[in-house]
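Scroll down for the structure; my scribbles are underneath it.
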Number of protein chains: 6
Amino acid sequence: MDHVVSGVAKFQREVFPDKADSFRELATGQQPEVLFITCADSRIDPNLITQTEPGELFICRNAGNVVPPHSNQTGGMTASIEYAVAVLGVEHIIVCGHTDCGAMKGALNPQSLESLPHVREWLGHCRAAVEVVREQRGELGAEHLDCVTMENIALQMQHLRTHPTVAAKLAAGKVTLHGWLYNIGTGEVLRYDAESRAMVPLSEVDLPSGRSQGGSRAQA
Amino acid sequence: MDHVVSGVAKFQREVFPDKADSFRELATGQQPEVLFITCADSRIDPNLITQTEPGELFICRNAGNVVPPHSNQTGGMTASIEYAVAVLGVEHIIVCGHTDCGAMKGALNPQSLESLPHVREWLGHCRAAVEVVREQRGELGAEHLDCVTMENIALQMQHLRTHPTVAAKLAAGKVTLHGWLYNIGTGEVLRYDAESRAMVPLSEVDLPSGRSQGGSRAQA
Amino acid sequence: MDHVVSGVAKFQREVFPDKADSFRELATGQQPEVLFITCADSRIDPNLITQTEPGELFICRNAGNVVPPHSNQTGGMTASIEYAVAVLGVEHIIVCGHTDCGAMKGALNPQSLESLPHVREWLGHCRAAVEVVREQRGELGAEHLDCVTMENIALQMQHLRTHPTVAAKLAAGKVTLHGWLYNIGTGEVLRYDAESRAMVPLSEVDLPSGRSQGGSRAQA
Amino acid sequence: MDHVVSGVAKFQREVFPDKADSFRELATGQQPEVLFITCADSRIDPNLITQTEPGELFICRNAGNVVPPHSNQTGGMTASIEYAVAVLGVEHIIVCGHTDCGAMKGALNPQSLESLPHVREWLGHCRAAVEVVREQRGELGAEHLDCVTMENIALQMQHLRTHPTVAAKLAAGKVTLHGWLYNIGTGEVLRYDAESRAMVPLSEVDLPSGRSQGGSRAQA
Amino acid sequence: MDHVVSGVAKFQREVFPDKADSFRELATGQQPEVLFITCADSRIDPNLITQTEPGELFICRNAGNVVPPHSNQTGGMTASIEYAVAVLGVEHIIVCGHTDCGAMKGALNPQSLESLPHVREWLGHCRAAVEVVREQRGELGAEHLDCVTMENIALQMQHLRTHPTVAAKLAAGKVTLHGWLYNIGTGEVLRYDAESRAMVPLSEVDLPSGRSQGGSRAQA
Amino acid sequence: MDHVVSGVAKFQREVFPDKADSFRELATGQQPEVLFITCADSRIDPNLITQTEPGELFICRNAGNVVPPHSNQTGGMTASIEYAVAVLGVEHIIVCGHTDCGAMKGALNPQSLESLPHVREWLGHCRAAVEVVREQRGELGAEHLDCVTMENIALQMQHLRTHPTVAAKLAAGKVTLHGWLYNIGTGEVLRYDAESRAMVPLSEVDLPSGRSQGGSRAQA
Ligand SMILES: [Zn+2]
Ligand SMILES: [Zn+2]
Ligand SMILES: [Zn+2]
Ligand SMILES: [Zn+2]
Ligand SMILES: [Zn+2]
Ligand SMILES: [Zn+2]
């Protein structure tokens, strides 16, 4: 912790001065174009892997990069999504899962969560992803971690579509959904391709007129 | 969004290679010492302001850096806290609020949230902070934003104490709570001082034998 | 009510005897192929409009033919869907809306629901449909009833995809979703076409090898 | 499913033309006198067994013909009941259980529901019926299915009385509750008699001046 | 508060010594015969008005002597009732309302609860009582306080019947429900008579073989 | 029960007449200075042990003297606390636990609650107290009952601080929290001392200028 506190001092001393103008400008408002939803995992630094600056990504993080489906019960994700879409007007929503995810391991192996009642219940929002893999592969084991992780990204994109503000903007073509998978060990990012139901490389040339990175608006 | 996608390519090309060893090591596990809870606001980059590397901070982010009090209803924060404390064994929990926070402005002015039902309900978890300021200052206005932001940091620390895993570790002196306020325009970080109920500078010399940054374990 | 009671006697006297064998066979089990979800509206008789017999349709009915998205909170629809898919193994799920729906009128005009707190909250599950139409058409009025009814059918199909048992069978191609719109005055049934996001006639020739009536399995 | 689709065509071709006038009249409104609550079981056709026409019964159906007690949490039954009583002004509410009910079998044998978490929780609303039978009969087995089914009908009538709109109309003598048991194999319908706490034949002569089929309004 | 603290000292000095034997006996267990549910109102002392000693009444108190209907959501009343009936085996449950009840005044006049969101929602459990009176009397005013108070007692008795443990013991004749109304100004206690739906004097001679004070077990 | 009914008659005959004036005065309002929260246990008589009269203590009682943390879900305690603090303006809140508490025994030994689902879930609000003791003492047994009871008193005081009305008055120094432990066998009352995290004798001399019995207002 000393390290973290001295890091703050270092930031103020060595980093801030060079960026002071930009920070001063940000002091009175934000206009992020992207809502970035990812896992709380310490190994993910969204600004680092996208080489973006403060002000560019509105970032929600929780164990498992989960987006509970819309319901009349409010939670942090539901509220933050409403804020990002309706108030800030973000145009892209990225759900970014990752390799070696502890939450996904827990979802695959619920018995391991006996003493973690809240984690177990929270991962109920990932149950459809697990059931999809079980239906396809039969008895589940550690070797299905990647499959479950991918299906979870697809599922949380599904859940996003149930949120009224997101559904409305999707129908109007004003927001686009993206599913990403970040590989911690290789630094690689794959994107979810809805057509093939598979992860494919995220490369710039894939980006056409601007609205179809691994998600599409026309979907019932 | 093109910018973000090309940022990923830049990360892979220019940044990752130099850190490849460290990333490869992280590929199979994380051992963060700190749970960092902050707002989803795009202007905050926790790793930047603490000058930390991937693997050091387990980061939860939602609109308003809210920690709902423990209840039998599970949400993303409750589950993520349980995971961070019981599974990862973090030793420090930082609740980091910030200046110019849209969520705090909404909490101060609930009428502005008429068309945002979920944001309004989510900010119900900040209501005690608002009521504290109203009791002290009378009719509330935009000039009370800093007060409400500070009281909200203190309140969310209170809420943390109701979570069983946190309460247990606090009682055993195995975890310490910290309340931080990040000033977007100046880059400054203040910490909440429970004695004086005020924000004071976060300076390294304040850190004694390791367990008392703006929080203490002995508290009923 | 006398009429209803004497109807039962008439059923026993005039209808049952001819079908006694079939009813006796049904006495110990059901094997419906279809889960039929429709509005509680008195003007809809699912068996009549599909000319089916007892034993063929597992039928869930509520105001608005609503399917709440899956959550850890259990309700009647969530439980009935789980039962139909996991226990009975239905292969088709039809969400059947209808013209002149009182629930849809309420969703369009929430002020009319002031004294109906539960109806208003229940129709929160239709809010995304209303928001989609508002985003496309601007200020809403009675003339948008058909649009909202269609979008609601599409939305409830979306919600079905969040239920773990449904998601798993969809991924395995073992269940197909259908969206129908029943016109009370003309007896006509339209089906929702996901490609065109429009209602098209439900005609037999549309039915290919068996799995694509207004829904498809491959969808993120 | 082909069968169901071709049934719709048959309905339009062979059935609708003869009833076109009546359907056209229904196109702009409904005035059902009865709210009919029954199980989603495919073997029950409410209009068939009561020999009623479209427009006569407002029909709610879920697994187990369950009516959750009124609470501040809204569900489909709560909303549909509010709509039927407060908006449509139904004068009779029939809770219709049936023989060989899969939901009742599950309620009797909760262990069989291990892999059906939502069915299990939904049947928590039937727990009082099961406990009543257990208190009277001791250890429960398959032979208590009829008892539990009957007690469940009585219990759901109890639950109806907790709904504000129903309670108000009951106190004013403007609505009457009825408990029915439909025997799938014999076509017989019994009614619940509150005095004797038993099922008795539903015969027309039982019907006095109009308000006492198996339920009564004066009840604390 | 000094007064309360010195009262404790007075209790220890002047009252306890004479009852020491009885208190010592109670130190290791309780066997109350009665579950007494009443309002938190400071003017009600259950042991005083029934002239009972410690150990005789298991007492639950909240604003409005409310018993939420049984649901799968747990609250303090639901848990305390389960404990009293299933663990302690109480044989009588008294719901005791009172004159001049602030909660009932709030239920009659919900606008007065604008700034008390939780009180307003809690009194949702009394809404059926208010609706009953409104149905009978039309527009409601302060003059209907007694009616609402009585109907609330009857309603909470209804709610008690939805709790599984209570329903089971009621069916077996092992528990009896009682509705009482305590008049603060006169010290009088009336009991609710289910037959006449009215309050009548609570007199000893009314008590037959032991099971019918203002409640009865045979009720659907 | 006869005994209780005849007790009422005795109260009216022998006790009320002497206090008639005071009761008559109370008939139209209450102004309690203290909110007294204690267990439903039959052996506790708050007015007896504090030697107070009707009108002095606003009393909430449930199994385990539990105060759920504030949430957007309303329960009886949340509503009653809001009423006591915001409407009645109580200046002191006492959480009074006791020796030999059945709820605390259940919290220590959750397996004993298998057949008591609601008690088990309700005691989830005491889980942090249990975890604190487990962290300090290791494997838990019956010998830790006193520790858990004390930690539970401290925890429920923590929970009180999350309620907006309480937090506001605490910050303004207008309300004080107290934790008491009543010893049923000895009549002794201890108070919780936040400094030492221990129970100390409740003696009048401890009471300074009026605001610090076992609780303090300045606490984050
Ligand atoms: Zn992860
Ligand atoms: Zn913020
Ligand atoms: Zn409808
Ligand atoms: Zn059934
Ligand atoms: Zn009262
Ligand atoms: Zn106790």
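What's the number of the condition C:A168 fails, among (1) open to solvent by less than 10 Å² (accessible area, probe 1.4 Å); (2) within 20 Å of C:D100 (Cα to Cα); (3) without any contact (Cβ under 8 Å) to a residue 24 or more places away in the chain? Of everything listed in (1) open to solvent by less than 10 Å² (accessible area, probe 1.4 Å); (2) within 20 Å of C:D100 (Cα to Cα); (3) without any contact (Cβ under 8 Å) to a residue 24 or more places away in the chain, C:A168 misses just condition (2). Is it true that some residue in the stretch B:81-89 is away from ligand 1 (no atom under 16 Å from the Cβ) and of a type outside the set (V, I, T)? Yes.
The single condition among (1) open to solvent by 40 Å² or more (accessible area, probe 1.4 Å); (2) at pLDDT below 95 that D:G124 does not satisfy is (1). Within the stretch C:31-46, the only residue that satisfies the criterion of being in contact with a helix residue (DSSP H, G or I) (Cβ under 7 Å, 6 or more places away or on another chain) and open to solvent by 10 Å² or more (accessible area, probe 1.4 Å) is C:D45.
A:E56 - would you say it is open to solvent by less than 10 Å² (accessible area, probe 1.4 Å), of a type in the set (D, E, K, R) and out of contact with any strand residue (DSSP E or B) (no Cβ under 6 Å at 6 or more places or on another chain)?
Values: open to solvent by less than 10 Å² (accessible area, probe 1.4 Å): no; of a type in the set (D, E, K, R): yes; out of contact with any strand residue (DSSP E or B) (no Cβ under 6 Å at 6 or more places or on another chain): yes.
Considered against the rule, which asks whether it is open to solvent by less than 10 Å² (accessible area, probe 1.4 Å), of a type in the set (D, E, K, R) and out of contact with any strand residue (DSSP E or B) (no Cβ under 6 Å at 6 or more places or on another chain), A:E56 comes out as no.
Checking every residue in the stretch C:209-219 against the condition of being closer than 25 Å to A:H70 by Cα, within 17 Å of the chain's Cα centre (by Cα) and modelled with pLDDT of 90 or more gives zero matches. Inside the stretch F:78-90, residues that are within 14 Å of chain B (Cβ to nearest Cβ), crowded, with 24+ Cβ neighbours inside 10 Å and out of contact with any helix residue (DSSP H, G or I) (no Cβ under 6 Å at 6 or more places or on another chain) make up a count of 1. Only one entry in B:D21, B:D45, B:D41 is of a type in the set (D, E), closer than 26 Å to A:A142 by Cα and more than 16 Å from ligand 1 (Cβ to nearest atom), namely B:D21.
With respect to E:L155, determine if the residue is touching a Gly at 6+ places or on another chain (Cβ under 6 Å), of a type in the set (A, V, I, L, M, F, W, C) and at pLDDT 95 or above. Here the answer is no, as E:L155 does not meet what is asked. In summary, A:F36 fulfils each of the numbered conditions (1) within 7 Å of another protein chain (Cβ to nearest Cβ); (2) within 16 Å of ligand 1 (Cβ to nearest atom) with the single exception of condition (1).
Need at least 3 residues that are in the same structural domain as A:H178 (by TED's automatic domain parsing) and over 29 Å from B:H118 (Cβ atoms) per element, so show me which helices (runs of 4 or more DSSP H) inside the stretch A:1-97 make the cut, counting only ones lying wholly within it. Can you show your working first?
On the way: elements: A:2-10, A:16-26, A:46-49, A:76-82.
It comes to none.
Quick check: is even one residue across the stretch B:47-70 free of Cβ contacts under 8 Å to residues at least 12 places away in the same chain, more than 7 Å from chain A (Cβ to nearest Cβ) and within 26 Å of A:P69 (Cβ to Cβ)? The answer is no; no qualifying residue exists.
The one condition from (1) out of contact with any helix residue (DSSP H, G or I) (no Cβ under 8 Å at 6 or more places or on another chain); (2) crowded, with 24+ Cβ neighbours inside 10 Å that A:I93 does not meet is (1).
Total residues in the stretch F:20-30 satisfying the condition of being at the interface with chain E (Cβ under 8 Å from one of its Cβ atoms) and out of contact with any Asp or Glu (no Cβ under 8 Å at 6 or more places or on another chain): the figure is 4.
Is it true that B:S22 is closer than 29 Å to B:E131 by Cβ and either away from ligand 4 (no atom under 16 Å from the Cβ) or open to solvent by 20 Å² or more (accessible area, probe 1.4 Å) (or both)?
On the way: closer than 29 Å to B:E131 by Cβ: no; either away from ligand 4 (no atom under 16 Å from the Cβ) or open to solvent by 20 Å² or more (accessible area, probe 1.4 Å) (or both): yes.
So B:S22 fails the test.
For the stretch B:117-185, give me every one of the helices (runs of 4 or more DSSP H) that falls completely inside it and has 3 or more residues that are more than 14 Å from chain A (Cβ to nearest Cβ).
Details: elements: B:117-122, B:127-137, B:145-161, B:164-171.
The qualifying helices (runs of 4 or more DSSP H) are B:127-137, B:145-161, B:164-171.
Among the conditions (1) away from ligand 3 (no atom under 16 Å from the Cβ); (2) within 9 Å of chain D (Cβ to nearest Cβ), C:I93 misses just one, which is (2). For the stretch E:127-153, a tally of residues being crowded, with 18+ Cβ neighbours inside 10 Å and touching a residue at least 40 places away in the same chain (Cβ under 8 Å) returns 6.
The values are calculated or read from the model by the stated rules, or taken from the named source; none is laboratory data. This structure is a prediction, so every number in the text was calculated from the model and none was measured. With ideal geometry, Cβ positions are generated from the backbone for all residues, glycine too; neighbour counts draw on all protein chains shown. The protein model used for the area step is the full one, side chains on, heavy atoms only, and it has no ligands, DNA or RNA in it. Shrake-Rupley method; radii C 1.70, N 1.55, O 1.52, S 1.80 Å.
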